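Input: a single structure, listed below in structure tokens.
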Amino acid sequence: MNRRTGERGPRRLPLLVATAMGLVAILATFLVTREVSGGSGPDCGVRLEVNSSTEKGDLLAELAKKYNTSGRELTDGKCARVTVSETSSGVAMDALAQGWDEKRDGAPEPQAWTPTSSLWLTLLTEKGTASDRTVLTGDEPVSLATSPLTIAMPRPMAEAVGWPEKKIGWRDILSLTEKGWGSLGHPEWGRFSLGKDNPHTSTSGLAATVAAFYAATGRSSDLTLDQVKDPKSRAFVSGVEAGVLHYGSDATAYMANLAEADAKGQALSYASAVTVQEQLIHLYNQGSPTGDVKLLGKGKKPKVPLVAVHPDDGTLMLDHPFVVLPSAGGEQRAAAADFSAFLLEAAQQRRFQQLGFRDHEGNAGRELAASVSLPDEGKRKLSLIDPPSPQVLGAILDSWDELRKKARVLLVMDVSGSMNQSAGGGQSRMEAAKKAAVAALDLYHPDDEVGLWAFSTETADHREPYREILPPRPIKAGKSQLTTSINGLSAEGGTALYATVRAAQQAALSGLDTDRINAVVVLTDGKNEYPADNDLDALLRDIDATQLERSVRVFTVAFSDQADFDTLSEISAATKATSYDARDPAVIDKVMVSVISNF
């Protein structure tokens, strides 16, 4: 790996935004390997690897560079050099629970970790106990900054609900989900739609799920297992989940789609609300919808800004803890203590505030207060809830698995002749794709409905370039048949990508179930090779998601270095979905996990 001064470490970015001719294309990628180094200072003997949650990775990289060139010394006269990598909190928690593997996890093993919330420390401790492994040192974590979970809403929609005068909470979200915008005099806005992440991977998704359970009981602390299991609580949470557009692993996907809709003058056509930490609303309003701090002041600000709704029936303060891990030696522990102390100094805390965080004591900076229209300049007391006990937090996640909105997915697999080429490891692309697709079936809920198509071009046996293998049916009844059908696929012909995407979306629309997350997943190793349908602009017009109630998202997976990733990204962006990069076949299993996290 090439190490370059002042750059960010190996990074698992679920989403990047590429802007081309006004189009914001959402690209899901893995393993961007850049590492922070310490500038031209001394060759320090103590090296410290810190793994950060994604929303503050850029900032910590910046501050690590400042620390490395500050001339600070440890108590024994040595100095430390800090490097930063970033991984989403839920993914990092799983990696630490299993035992960090640099090759598997795409980043160096850290000696210190700073997720978005201490909720992940709770879950990691529970996993460590279950596997009889020491996963944390037991040292008290240090909060580097704070940011409350909020419900981000386009300003006109928030005002229609009564913001800022009226107190708004999760019960209002439930009511809007059930009654729609027509109940507030805006039938033109259609159904209320909520952007919410998967709580197993995303902090905002986890915190929102916890907050919804608290709101269901009317409590702010001491939530019990019986209350989580209570039918009334479950009905409340299930009602909130019913409004979800689709799930995901990073809230910046929703923000990027909102930015694209805003740029087209359709800011109110995508999501009515998104559950995110407050800091991301600031970045969005300052022209950085994907959270890239380098775009602050340079990106185009939205025509319709978002406002931060702090639920009056309870929200969590995300505390960005900094913890030393058992992998740290004595000198690294000293370096971690010194680096965390450096981050709590006034200058660094002010830098956190400038980027939309509150400081470690919960104080908002003037930039945040102005950007997200905080009442009373951010000094109004929030309705905070206490984090649940480890047992209750585990029960909440288990309950979500049962209560979440179910999906209806059409899996469309490329079976063109190029899929017979090698994917490395002694298997063809077809074999690797089939293996990943079959393994992914275990990630669906038993009540999710999944169907299967295959496509190439016309062959001697098939007049159409695409064909239905199995219609969507519940996994609990159809998994065995899906497995057999996927394993039975064989490759021949060319790649009729455009015709297949159009037909698959139309088929999904014809069977649209508005009580489910409806989606198409296209896995391909190539580019369009079908002269009968070779007009990309026409395809993009045909699949453009302008009417959300009659739209089906098309998630695409590029599965070889020959895949037309740019075009796949445009296709997914047109449907307000995500394109995933598996051009390295070795990551296809990880990619499929991320794809299924949307459902």
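Checked against (1) small (G, A, S); (2) surrounded by fewer than 24 Cβ atoms within 10 Å (Cβ to Cβ); (3) closer than 24 Å to L121 by Cα; (4) in contact (Cβ under 8 Å) with a residue 12 or more places away in the chain, A242 passes all but condition (3). Of all residues in segment 470-505, those being under 17 Å from L568 (Cβ atoms) and among the hydrophobic types (A, V, I, L, M, F, W, C) number 6. Across segment 42-77, what is the total count of residues that are farther than 16 Å from P321 by Cβ and small (G, A, S)? Going through segment 42-77 one residue at a time, the tally reaches 6.
For segment 194-217, how many residues are more than 17 Å from the chain's Cα centre (by Cα) and among the hydroxyl-bearing types (S, T, Y)? Here the count works out to 2. Check whether at least one residue in segment 162-171 is among the basic types (K, R), in contact with a helix residue (DSSP H, G or I) (Cβ under 8 Å, 6 or more places away or on another chain) and assigned by TED's automatic domain parsing to the domain that holds D338, and report yes or no. Checked against the condition, which is being among the basic types (K, R), in contact with a helix residue (DSSP H, G or I) (Cβ under 8 Å, 6 or more places away or on another chain) and assigned by TED's automatic domain parsing to the domain that holds D338, segment 162-171 yields no hits at all.
Being among the β-branched types (V, I, T), surrounded by fewer than 24 Cβ atoms within 10 Å (Cβ to Cβ) and modelled with pLDDT under 95 is a property that holds for T75. Test A369 against the stated conditions and say whether it is surrounded by 15 or more Cβ atoms within 10 Å (Cβ to Cβ), assigned by TED's automatic domain parsing to the domain that holds L123 and without any contact (Cβ under 8 Å) to a residue 40 or more places away in the chain. Spelling it out, it is not the case that A369 is surrounded by 15 or more Cβ atoms within 10 Å (Cβ to Cβ), assigned by TED's automatic domain parsing to the domain that holds L123 and without any contact (Cβ under 8 Å) to a residue 40 or more places away in the chain. For segment 104-152, the set of residues classified as under 19 Å from the mean Cα position of the chain (by Cα) and in a loop (DSSP other than H, G, I, E, B) consists of G106, A107, P115, T116, S117, S118, listed by residue number. Scanning segment 304-316 for residues that are buried (at least 20 other Cβ atoms within 10 Å of the Cβ) and either part of a strand (DSSP E or B) or among the hydrophobic types (A, V, I, L, M, F, W, C) (or both) turns up L306, V307, A308, V309, T315, L316.
The values are calculated or read from the model by the stated rules, or taken from the named source; none is laboratory data. Since we're looking at a predicted model, the values are computed, not measured. Cβ: placed from backbone, ideal geometry, glycine included. Neighbour counts: every protein chain shown.
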